[in-house]
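The values are calculated or read from the model by the stated rules, or taken from the named source; none is laboratory data. This one's a predicted model, so the numbers in the text were calculated from it and none came from an experiment. As a convention, Cβ positions derive from the backbone with ideal geometry for all residues, glycine included, and neighbour counts pool all protein chains shown.
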Amino acid sequence: MSRLQAEHLYKVFGRRPDEAVRKLESGADRDELRAEGTTAAVIDASFTVEPGQIFVVMGLSGSGKSTLLRMLNGLLDPTAGRVLFDGQDLTALSPRELRHVRSTKISMVFQHFALFPHRSVLENAAYGLEVQGVSREEREVRAAEALRLTGLEGWEKSWPDELSGGMQQRVGLARALATDADLLLMDESFSALDPLIRRDMQDQLLELQKRLKKTIVFITHDLNEAMRLGDRIAVMRDGKIVQLGSAEDILVTPANDYVASFTQDVDRSRVLTAGAIMAEPHTVMGGKAADGTELRTPQDVLAAAPAAVAESTPIIDLFTPCSQSPDPVAVTDAKGKLVGVVPSSRLLAVLGEPMTPAEAPRDAEPAAAAGADVKKVAGV
Amino acid sequence: MFRLPLGEWVDSAVDWLQTHLVWLFDAISSIVSGMFDGIAAVLSAPAPLLFAGIVAVIAWWLRGLPAALLTFVGFALIDSVELWDEAMDTLTLVLVATLVTLLIAVPLGIWASRSRTVSAVVRPVLDFMQTMPAMVYLIPGVIFFGVGVVPGIIATIIFALPPGVRMTELGIRQVDGELVEAAEAFGTTSRNTLLRVQLPLALPTIMAGINQVIMLGLSMVVIAGMVGGGGLGGSVYRAIGNVDVGLGFEAGISIVILAMYLDRMTGALGTVVSPLGRRAVAKTRAMAEGWKIWTYRPQPVVAVAAIVALALVAGGMSVFGGSKADTAGKSAQVGDGKKISIGYIPWDEGIASTFLWKEMLEQRGFEVDVKQYEAGALYTGMANGQIDFQTDSWLPVTHASYWEKYQDRLEDMGSWYAPTSLELAVPAYMKDITSMEDLKGRASEFKGRIVGIEPSAGEMGLLKDKLLPGYGLDEEYKLIDGSTPSMLAELKRAYAKKEPIVVPLWSPHWAYNDYDLTKLKDPKGLWGEGDGIHTLARKGFSQENPEVAQWLKSFKMTEEQLTSLEAEIQKAGSGKEQQAVRTWLKDNSGVVDTWAPPRRTPGP
């Protein structure tokens, strides 16, 4: 069962929005509508977010990503289309039912934290529970637990303005987690933080996600962040989703020049994985290792290799072993079986010019695994 | 250009409202005056110094010890210039107006902050209320609500409402949109978003609005004084009318003390009630060094306990020593404690005759309330039945316009002094000027000015419309609007320096006693026949008070009596009118028994 589905979502601001949607459906341009005084913020957005997945919506400001997010929990009413969550059509709910869904099933984390300055950290974290009508004792216990999860134990009695930006956003995260909602909507939640803190928060989110398995929709304008966090990424431009896929899909096969121009600045060594660039083991078999040993069997290759890594290892982790030995690094599966090798020449080649699809190594499938293993990267 | 009869429409609208919505105005009037009486009773119950102590404790709680000491000194000062009762009336007026204003302004501001339409509709209305000169709606206010505190409070509410509404709207709109969105994202109902997020965060701004409401209310008390609102405003208005700089300053400084106290306390209350403000205060207090006693503030509980203790002491005092010495032995009198209210305009013969009647009626056992009004308010108040009578109506000529408008609702008690005359007067040292005609061509000596009196006075109308054009002076001279006291002050100043001056005067007037003046002859007879000074009463007065009506009808004064009484009052200075009357009565013994004969039948 899929947890969150968006089906042909449109959001048009201005007069006669329905007419505008009809025009858009028949192929009208966003600029044509603007000339008439209506703004199409989101045009025909469809996607599915599986349970436990982090779905990142990436786009520049004005691309409609925040509008899209707000339609997912009904803060904005879609002009057309449906949002299904747990099979329930959110767009068909009465305001009262919608409020109930928001207070129990969907949480939100904001860009500028949106902490209530007149409430203590604990009271902030307990806010969602307070709205649900949970008793004071219970909500304080649960809020304190959520604060502990986000590493804010001992700060309960403080006030938001006494905390640093990163800590404030941890409160925001705790507030979202305290209600035990399945769906977490994060609106540029780390954009306002310093780069170092931002990395910490990304790590912590991934760490938490391993344990909590929430369904997360994460909005960002930073492709690096999108690639670090996203199991799947939607790139938006001018209200439309222009590409939908894994981090490697987007990096390796950008759908158009717009997406490609984005990927230029991405640190490929942290996104591409060993599995994505490795060569078949037989390419080295039959040769000789640097010390003269013949490589006849996978065991020989493994023995000669300076390191054996998993397919999901980002290639940044391969540089050190490659520099220590002329022999290729071995790539193994979960059982330790050799599935590929990465010679240092190959490692250098992938960091060069973006490869044309023809040259691209075999399409990497384990995108989900990439996210799970990023923790290793952070340790570097 | 087509003349739009806007004024006539308003006139008929007011008439329509007056006839069809009497019940509404009566209801509002009784609610507001009920609130006023209730709060006034509470505020004036404790002895002044005890009350000063109570407000000082509040200041201690909110702002610390220095504020408390200053507060006590300030309120003690008000008491020591004998304006305590007036100050309490003013405080009551401001509190009632503020209370009603907030009851209207805060919900309206909330509504406006949640709806663009409401905001768009409310804004021009607020502009209208804030900039329309208060006097314009004050007189209709008197027509609807009668003279006294109610129109004053209503005018204050109208004037003070806009900042209350605006600041509430602004405060709520200023709350970070992301916070409101966060509340909504967690499923908060819009009512709870308002109560738990928007209002608490808007509170500092709303409190600033309340502060503005109170300050504007205080600035309106003087205008309220013009329609009988009493209090410090009444004192100021009386002081202005009599060019009594001393009283004006005393009343003014009392208003300033009240204003500063209310301003500082509501400001501090703003930080105390708002969660954010409370934290800021706690932080700065923790950092403060030096003497603890200056920064120490009692906990609310302690403060309340102290106030209650003081209030109890106050209550006890008023139980044991408060009640007024009974005017025993006067029960056989005609009045028997019946209340009579007299209104007057601060013209000298009016003041003289009014205080003369106050003294005489009190001697006959009435309880007499005397209040100064602006002319329009006086006639309207009388027509509405709130003022029983006034003694200074010049008929048939000078005050004809008022008489024509209200004659159906007034009773003419006849003339008590005749004939009067109106004239322009110059000091006698201007030897070559004896007639109106002599003024021609001499404008440069008088700087082209005739120092006039109230523009509402009949004499001013006659001067402007008949006399000046009649003698060809309207090009040369400018008639300056002012007030009788300011005209007399200017006359006094010019007379002392022997400068040329020409002023409108009338006979009888004490100025002819004090200064050597020449009445300018009127060869063309344009001033017309001399008026009689009439006493006018509200309709039904003579039926309810046949004896007083009889006295008023047969009341007559000679020129010698009137000018000597006026001179006596002038000598005593303002605020001591009644003592002057008593002194005068001693020199003129027997007149009281003539004008207000005591009941013949001896009491038991």
May I ask you to list pairs of residues, at least six apart or on different chains, whose Cβ atoms are under 7 Å apart, with the first in the range A:108-122 being without any contact (Cβ under 8 Å) to a residue 40 or more places away in the chain and more than 7 Å from chain B (Cβ to nearest Cβ) and the second being small (Gly, Ala, Ser) and crowded, with 24+ Cβ neighbours inside 10 Å?
A:Leu122/A:Ala143
Only one of (1) more than 20 Å from B:Ile110 (Cα to Cα); (2) assigned to a helix (DSSP H, G or I) fails for B:Gly171. Which number is that?
(1)
I'd like to know if the range B:30-50 contains one or more residues that are surrounded by 15 or more Cβ atoms within 10 Å (Cβ to Cβ), among the hydroxyl-bearing types (Ser, Thr, Tyr) and over 30 Å from B:Val313 (Cα atoms).
no
Unique residue being more than 20 Å from A:Leu129 (Cα to Cα) and within 17 Å of the chain's Cα centre (by Cα) when the list is A:Ser164, A:Ser189
A:Ser189
If I filter the range B:145-182 down to residues being in contact with a helix residue (DSSP H, G or I) (Cβ under 9 Å, 6 or more places away or on another chain) and within 8 Å of chain A (Cβ to nearest Cβ), which single residue comes out as nearest to B:Met132 (Cα to Cα)?
B:Asp176
Among the residues in the range B:409-427, are any outside any loop (DSSP other than H, G, I, E, B), of a type in the set (Asp, Glu) and closer than 23 Å to B:Trp357 by Cβ?
yes
Among helices (runs of 4 or more DSSP H) entirely inside the range B:277-382, those with 2 or more residues being modelled with pLDDT of 65 or more and either among the small types (Gly, Ala, Ser) or touching an Asp or Glu at 6+ places or on another chain (Cβ under 7 Å) (or both) are B:300-317, B:348-363
Considering only residues that are more than 10 Å from chain B (Cβ to nearest Cβ) and among the polar types (S, T, N, Q), which ones fall in the range A:123-152?
A:Ser135, A:Thr150
Confirm whether B:Gly164 is touching a residue at least 60 places away in the same chain (Cβ under 8 Å), crowded, with 24+ Cβ neighbours inside 10 Å, over 13 Å from B:Gly228 (Cα atoms) and out of contact with any Lys or Arg (no Cβ under 7 Å at 6 or more places or on another chain).
yes
Test B:Thr188 against the criterion of being part of a helix (DSSP H, G or I), of a type in the set (Val, Ile, Thr), within 14 Å of chain A (Cβ to nearest Cβ) and buried (at least 20 other Cβ atoms within 10 Å of the Cβ), and give yes or no.
no
Residue that is surrounded by the fewest Cβ atoms within 10 Å (Cβ to Cβ) [pool: residues in the range A:208-237 that are among the acidic types (Asp, Glu) and farther than 20 Å from A:Glu50 by Cβ]:
A:Asp222
Given the range B:498-604, what strands (runs of 3 or more DSSP E) lie entirely inside it while holding 1 or more residues that are farther than 30 Å from B:Ile433 by Cα?
B:532-538
For the range A:43-55, does any single residue satisfy the condition of being among the small types (Gly, Ala, Ser), more than 9 Å from chain B (Cβ to nearest Cβ) and over 17 Å from A:Asp238 (Cα atoms)?
yes
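Each row is one residue, and each column tells you yes or no for (1) surrounded by fewer than 19 Cβ atoms within 10 Å (Cβ to Cβ); (2) under 25 Å from B:Val245 (Cα atoms); (3) at pLDDT below 90; (4) not small (Gly, Ala, Ser).
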{"position": "B:Gly441", "(1), (2), (3), (4)": "yes, no, yes, no"}
{"position": "B:Glu454", "(1), (2), (3), (4)": "no, yes, yes, yes"}
{"position": "B:Pro469", "(1), (2), (3), (4)": "yes, no, no, yes"}
{"position": "B:Asp474", "(1), (2), (3), (4)": "yes, no, yes, yes"}
{"position": "B:Leu488", "(1), (2), (3), (4)": "no, yes, yes, yes"}
{"position": "B:Lys492", "(1), (2), (3), (4)": "yes, yes, yes, yes"}
{"position": "B:Ala496", "(1), (2), (3), (4)": "yes, yes, yes, no"}
{"position": "B:Ile501", "(1), (2), (3), (4)": "no, yes, no, yes"}
{"position": "B:Trp510", "(1), (2), (3), (4)": "no, yes, yes, yes"}
